[in-house]
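Q: Structure in structure tokens, see below.
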Amino acid sequence: MLAGRNVPLRWILLAVFVPVVAGTGLIISSLMAQRMRAFALASSQDKLKSDVAVIRKRWGRIVDPERTLTHLEVIDGLVAAIPNPGVDVRRKVLIEGAQLFDEASHLASVDVLKTNDQFIRFHNARLLKGLALPYGTRIVVERYGPNQREPRFTLFDDKLERMAAWSPKPGQWNDDDPRERASIATARAGEQKPVLSKTDLHPVLGPLLTLGQQTPTGAVIEMSVPLAELQDLLGTLKLSEKSRLLLLDLKGGIWVTDKTSDPGQIGITLERTQDLFLQSLQPLIRNYLKRRDQDNLKDNVQIEESVVSGGDWLLSIAELPGIGLKEEASLLVLAIPAADIYAAPMASVRQAQAITIAIVLTTLPLVWLLTRSVTQPLQALSRQTRAIRRFDFSAEAPARSVIAEVSELDTTLALMRQTIQRFLTSSKALAEEQDIQALLELLVESAVTSSAAEGAVLTWAGMSGQQQGDPELVTFPESFKPDREPVTIPLRSRDGDLKGELSLYFAQPPEPERIAFCEALAGNATVALENASLIQAQKDLFASLITLVAGAIDAKSPYTGAHCSRVPELTQWLAEAACSADQGSFASFQMSENDWEALRLAAWLHDCGKITTPEHVVDKATKLETIYNRIHEVRMRFELLKAQAETEFWRQRCSGAPEEPLRTELQRSLQELDEDFAFVAACNQGGESMDDADFERLQQIAARTWSRSLDDRLGLSIDEQKRADAEPPRPLPCSEPLLADRTIHRIGRPEGRPKTSASDPRFNLPVPELLQNNGELHNLTIRRGTLNDEERAVINLHIVETIRILESLHLPRHLASVPAIAGGHHERMDGAGYPMGLSRDQMTPQARMMAIADVFEALTAADRPYKPAKPLSVVMRIMVGMVNQHHLDPDLFRLFVQQGLHRRYAEQFLQAEQRDAVDDAVLLAAINVPDQPTSIGS
């Protein structure tokens, strides 16, 4: 239950003590409660049986009509014997009535209705306490004559002597004629059998149960019992104030309840009563009647627990003799709240529980103090284990305890802490080290230190299946010479292949736990070695792929040669110079192994975007060059013009024109055409910057025309045909300009291609409207170089593609800076570069290093078709200008010059004629950009 939690022993002891003591008390009190509840229930049942027996006896006198009717018949006979009975007869009647009242003190009255409509009622004066009758009154005789509507009353004392005539006060007596009662009619309809009526009201005592019978003489005799007397009799059974009593017939008709004497409730069934509690008894009564004969319940008095109207009640059903007829029974239902019966037992139980709680509370401090001496050492051990869980292995005072097990646990914990600390320290060192040789040496040293061995020899065959040669041996200490049998621990890869062995040499047999420690350490070391080997293999594979891609880019063009391989080398030289600087801006500059790896990768792939650049753009050596140099097409037009001039000369000669002027004009025209072509050819080379006069002369040359007689739309590709259709065809023969910018020369961008560099808002490269413009005048009028705006945009776009390609690679975190380094070598210090317009502070130091290396290699390259090889001095002067124009980083360029990297590069890669003298002092003095105020950090 407490697994996974650190619970103090003190609480555990208390958790055991409190439940045991409290549980024992609760069990005892529970048993006591059960026994006392059973005792209370048995006591209640015994009392109820006794009371029911008394009530049955008294009830028998109430409901047994035989004796009562015998008295009534005697009275009726005496009254009817003489029309006007004398004193003796009257006295006999009184004696018979008094005897009846003595035997059944609950009877309210005895009535006799003679056939002549004379009515006599004998009242039991003992029940008429509310009338203030004279003292000693025993019987009150109420008499109606045949035609008399008002009664006459006569009082008789205990000796049945006439006392006096009496008249009730107003409001004391009900004035209704008793001869009109419904019970009289019921008795007459009973065919001389006793009939019970439940609808009569006594003039004083209220609701009555009346038993009547018509005699053979035709008279009606009755006896009446007040319901209040029945309630008083049944009330002796109430065992508590909240008990409920109910008297029913076997059909569920209500006779008497403890709460009503209303005749409207008498005789109605449980279903129709308004009392919700009585309604809820209906199912229980039905169940009793079903079991009545089967379980012999007639004479039993049992108490059963039941749920009535949502509460717990004790229910008892007893049978009483039927009212009126012997063959009918009555049901006496007693419902007692369970809480009333069990109140006293439960009070005793609560007292026992209180005593138990008091014992627990009294003994808790003592138990707390006793457990303290046990728990304090354990708490100290618990703190030590929590510290170990936090990898806190600092030593702590031993947990002193008189308990042997606790002391042993403290010693074991201290040893475990030391072992875990050594293991984690060694494992961390192995995991952090990625150099395989260093890993091997660290493993041997850790094994010797941890196992207390004299020395160890590690034999390692390597992880690569291609590795050849003898296994590598590592010994610690280096001077150790094995001279006994070792304990050998195999080093296996994840696949279970044996890759080496660790042999430990001991002076004495080692402890098993030390060998187990070394085995675990060797397992971790093998994993670390395997990981390091795999990582190195991946790095080697990745490096070879990078070299392959860079070589492919260089091989794509016969003119860019080794640019992708020389820039990385020159960049590495400059980075090494920055890391070795001990003063100036680079005094604090250092690069980690990860930084070097990122720099090498970025330098090798800094131009990988050129994969997407067309070769004819990269290698464009002349202005009219596309896939081929179109100067040849222009030269043929000049040849055609010269031929046309000679043709015109001979045509005019044949027409008779003089030869000398014609020949002079011919020679002038041919010389002018030769000069114009030479000028166009010189413009095509792009070696010199063009001025406005050159532009104007080209326009004049272009205005010359030549005659075309062939359809220029034959043999075109589909795309060329679409561009040609933008102009209407001209009828042949027609004149064509010598140099033209035609619609067919303008190649638009495919639909959907963005007009800026675009799709990524980081880049600031504008993209011309056309994808390619091969117009002859458009290209020949390029002011500097051989690339037009469209081609320069294509060239510049290679750096955007470089960034996108590198960002699309799933580079590890330590190589995340590769795209920024590789993509920043065309940025400028003033933010005017491309593709993002970054300033110096926004660029990484490595990107600024690569910018210098890229420019230097490009300027010194001797294999570019669009420029001749430049001497080193010229290159350095150009770069000084670029520094002053905020193109290159001044601090890095100073370092480049001061470390002599330009000479080192020239000696290794430049042609002999390029390696001229360079005055470094003059170069440094020519730099007019001050040192940057902030140092450069990695």
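Q: Looking at 605, 599, 624, can you tell me which residue is open to solvent by less than 20 Å² (accessible area, probe 1.4 Å) and farther than 21 Å from residue 546 by Cα?
A: Exactly one residue qualifies, and that residue is 624.
Q: Out of the helices (runs of 4 or more DSSP H) lying entirely within the range 812-917, which hold 2 or more residues that are within 27 Å of residue 609 (Cα to Cα) and open to solvent by 20 Å² or more (accessible area, probe 1.4 Å)?
A: 845-860, 872-884
Q: How many residues does the range 249-278 contain that are at pLDDT below 70 and among the polar types (S, T, N, Q)?
A: 3
Q: Does any residue in the range 901-929 that is outside the structural domain of residue 568 (by the TED database) come within less than 6 Å, Cβ to Cβ, of a residue that is modelled with pLDDT under 90 and surrounded by 14 or more Cβ atoms within 10 Å (Cβ to Cβ) six or more places away or on a different chain, and which pairs are these?
A: Short answer, once both residue conditions are applied: none.
Q: What do you reckon, is residue 138 within 29 Å of residue 249 (Cβ to Cβ), crowded, with 16+ Cβ neighbours inside 10 Å, at pLDDT 75 or above and not hydroxyl-bearing (Ser, Thr, Tyr)?
A: For residue 138, the condition - within 29 Å of residue 249 (Cβ to Cβ), crowded, with 16+ Cβ neighbours inside 10 Å, at pLDDT 75 or above and not hydroxyl-bearing (Ser, Thr, Tyr) - is not met.
Q: Tell me which helices (runs of 4 or more DSSP H) are completely within the range 699-810 and hold 1 or more residues being within 54 Å of the chain's Cα centre (by Cα) and modelled with pLDDT under 85, or say none if there are none.
A: 789-808
Q: What single numbered condition from (1) touching a Phe, Trp or Tyr at 6+ places or on another chain (Cβ under 6 Å); (2) open to solvent by 40 Å² or more (accessible area, probe 1.4 Å) fails to hold for residue 580?
A: Unmet for residue 580, out of (1) touching a Phe, Trp or Tyr at 6+ places or on another chain (Cβ under 6 Å); (2) open to solvent by 40 Å² or more (accessible area, probe 1.4 Å): (1).
Q: Still on this structure, I have one more. Anything in the range 203-240 that is assigned to a loop (DSSP other than H, G, I, E, B) and either at pLDDT 70 or above or closer than 21 Å to residue 104 by Cβ (or both)? List them, or say none.
A: Within the range 203-240, 203, 204, 205, 215, 216, 217, 218, 219, 236, 237 meet the criteria.
Q: Can I ask one more? Anything in the range 668-686 that is surrounded by 14 or more Cβ atoms within 10 Å (Cβ to Cβ) and without any contact (Cβ under 8 Å) to a residue 60 or more places away in the chain? List them, or say none.
A: Hits for the range 668-686 are 669, 670, 672, 673, 676, 677, 679, 681.
Q: Now a separate question. Looking at the structure I just gave you, is residue 121 touching an Asp or Glu at 6+ places or on another chain (Cβ under 6 Å), open to solvent by less than 30 Å² (accessible area, probe 1.4 Å), modelled with pLDDT under 85 and not in a loop (DSSP other than H, G, I, E, B)?
A: yes
Q: Could I ask something else about it? Among the residues that make up the range 345-362, is at least one of them modelled with pLDDT of 75 or more, in contact with a strand residue (DSSP E or B) (Cβ under 9 Å, 6 or more places away or on another chain) and in the same structural domain as residue 38 (by the TED database)?
A: There is no residue in the range 345-362 that is modelled with pLDDT of 75 or more, in contact with a strand residue (DSSP E or B) (Cβ under 9 Å, 6 or more places away or on another chain) and in the same structural domain as residue 38 (by the TED database).
Q: In the range 687-698, what count of residues is obtained for those that are in a helix (DSSP H, G or I) and open to solvent by 70 Å² or more (accessible area, probe 1.4 Å)?
A: Within the range 687-698, residues that are in a helix (DSSP H, G or I) and open to solvent by 70 Å² or more (accessible area, probe 1.4 Å) number 3.
Q: Please verify whether residue 883 is without any contact (Cβ under 8 Å) to a residue 40 or more places away in the chain and hydrophobic (A, V, I, L, M, F, W, C), treating the condition exactly as stated.
A: So residue 883 does not fit the description; no.
Q: Report, by residue number, each residue of the range 778-795 that is touching an Asp or Glu at 6+ places or on another chain (Cβ under 8 Å) and farther than 14 Å from residue 686 by Cβ.
A: None - no residue of the range 778-795 is touching an Asp or Glu at 6+ places or on another chain (Cβ under 8 Å) and farther than 14 Å from residue 686 by Cβ, so the list stays empty.
Q: Also, I was wondering about something else. Evaluate the following for residue 531: is it polar (S, T, N, Q), within 28 Å of residue 441 (Cβ to Cβ) and surrounded by 14 or more Cβ atoms within 10 Å (Cβ to Cβ)?
A: Yes: the conditions hold for residue 531.
Yes/no per residue for (1) among the polar types (S, T, N, Q); (2) under 20 Å from residue 787 (Cβ atoms):
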site	(1), (2)
574	no, no
578	no, no
584	no, no
596	no, no
600	no, no
619	no, yes
629	yes, yes
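Q: Looking at the range 144-159, is at least one residue closer than 16 Å to residue 208 by Cβ, open to solvent by less than 10 Å² (accessible area, probe 1.4 Å), in the same structural domain as residue 208 (by the TED database) and not in a loop (DSSP other than H, G, I, E, B)?
A: Within the range 144-159 (the criterion being closer than 16 Å to residue 208 by Cβ, open to solvent by less than 10 Å² (accessible area, probe 1.4 Å), in the same structural domain as residue 208 (by the TED database) and not in a loop (DSSP other than H, G, I, E, B)), the answer is no, since none of the residues qualifies.
The values are calculated or read from the model by the stated rules, or taken from the named source; none is laboratory data. Computed from a predicted model, the values in this text were never measured in an experiment. As a convention, Cβ positions derive from the backbone with ideal geometry for all residues, glycine included, and neighbour counts pool all protein chains shown. Note: areas computed on protein heavy atoms with side chains; ligands, DNA, RNA excluded. Shrake-Rupley method; radii C 1.70, N 1.55, O 1.52, S 1.80 Å.
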